[in-house]
1. How many residues, within segment 123-145, are under 20 Å from VAL48 (Cα atoms) and without any contact (Cβ under 8 Å) to a residue 24 or more places away in the chain?
2. Would you confirm whether any residue within segment 39-46 is over 21 Å from PRO139 (Cβ atoms) and either within 12 Å of the chain's Cα centre (by Cα) or buried (at least 20 other Cβ atoms within 10 Å of the Cβ) (or both)?
3. Could you go through segment 15-26 and let me know if any residue there is at pLDDT 95 or above, farther than 20 Å from GLU109 by Cα and either basic (Lys, Arg) or out of contact with any Leu (no Cβ under 6 Å at 6 or more places or on another chain) (or both).
4. Residues ARG88, ARG65, ARG76: which one is free of Cβ contacts under 8 Å to residues at least 24 places away in the same chain, touching a strand residue (DSSP E or B) at 6+ places or on another chain (Cβ under 7 Å) and closer than 19 Å to ASN39 by Cα?
5. I'd like the full set of residues that are at pLDDT 95 or above and under 11 Å from the mean Cα position of the chain (by Cα), limited to segment 82-101.
6. Given the structure, is CYS7 modelled with pLDDT of 95 or more and not small (Gly, Ala, Ser)?
7. Is at least one residue of segment 135-144 of a type outside the set (Ser, Thr, Tyr) and part of a loop (DSSP other than H, G, I, E, B)?
8. Starting from segment 26-38, keep only residues that are farther than 14 Å from THR70 by Cβ, then list their pairs with residues that are surrounded by 10 or more Cβ atoms within 10 Å (Cβ to Cβ) and not acidic (Asp, Glu) whose Cβ atoms are within a distance under 6 Å, requiring at least 6 positions of separation or different chains.
Amino acid sequence: MTKLTSCVAGVFALAAAAAWASPPKWGYEGQWGTKATGNGQFDSPAGVAVTSNGSVYVVDAHNCRVQYFTATGLFRGKWGSFGTGNGRFDLPWGVAKAPNGHIFVVDCENYRVQYFTPAGSFLGKWGSCGRGKGQFISPCYVDFSPSGSRVYVTDTFNENVQYFRWSGPAVAPTSLGRVKALFR
């Protein structure tokens, strides 16, 4: 190999290394939604979760519902309305997809976490108002450990993060189900 060839190869190697070392550049691709109550419209979208198949779940806080879309915003469905019953919300905020595909929604003003099938069928809930173990004052966000064995919930006014473990038999709707609190 000649000196020139070696020098050119070195320059290309440095350029390639620099390209990998620089941060990625994000380019705007699109958006969806306007302020209203119709399908694909929002009143304070507060949380978003994306599944491995590309479905996008958006918590629509002041419309008290969850809407889901394709990756480019085509409306696919929704569930929820204002209230305290199963599948109803009072200021839903955070949302996360569990490794098993279930959708978990933090129901802030009802002091609980509810979980659903990907199409919105109610599966269960836990939590109540208070400062004790498994109680919330202002739960906001939810997420999972990589294995899915733990779920974490932030609580702004309790100034803490609580975490819970899945265990036991199948989940029974309206019960604590398989969720048991771990506190250390």
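1. Residues in segment 123-145 being under 20 Å from VAL48 (Cα atoms) and without any contact (Cβ under 8 Å) to a residue 24 or more places away in the chain: 1 in total.
2. no
3. Checked segment 15-26: no residue is at pLDDT 95 or above, farther than 20 Å from GLU109 by Cα and either basic (Lys, Arg) or out of contact with any Leu (no Cβ under 6 Å at 6 or more places or on another chain) (or both).
4. Testing whether each residue is free of Cβ contacts under 8 Å to residues at least 24 places away in the same chain, touching a strand residue (DSSP E or B) at 6+ places or on another chain (Cβ under 7 Å) and closer than 19 Å to ASN39 by Cα leaves just ARG76.
5. Once the filter is applied, which keeps residues that are at pLDDT 95 or above and under 11 Å from the mean Cα position of the chain (by Cα), segment 82-101 yields TRP93, GLY94, VAL95, ALA96, LYS97.
6. no
7. Within segment 135-144 (the criterion being of a type outside the set (Ser, Thr, Tyr) and part of a loop (DSSP other than H, G, I, E, B)), the answer is yes, since at least one residue qualifies.
8. Close Cβ pairs satisfying both conditions: THR34/GLN41; THR37/ASN63.
The values are calculated or read from the model by the stated rules, or taken from the named source; none is laboratory data. It should be emphasised that the depicted structure is a prediction, and the values quoted were computed from it without experimental measurement. Please note: Cβ atoms are built from the backbone with ideal geometry, for glycine as well, and neighbour counts cover all protein chains shown.
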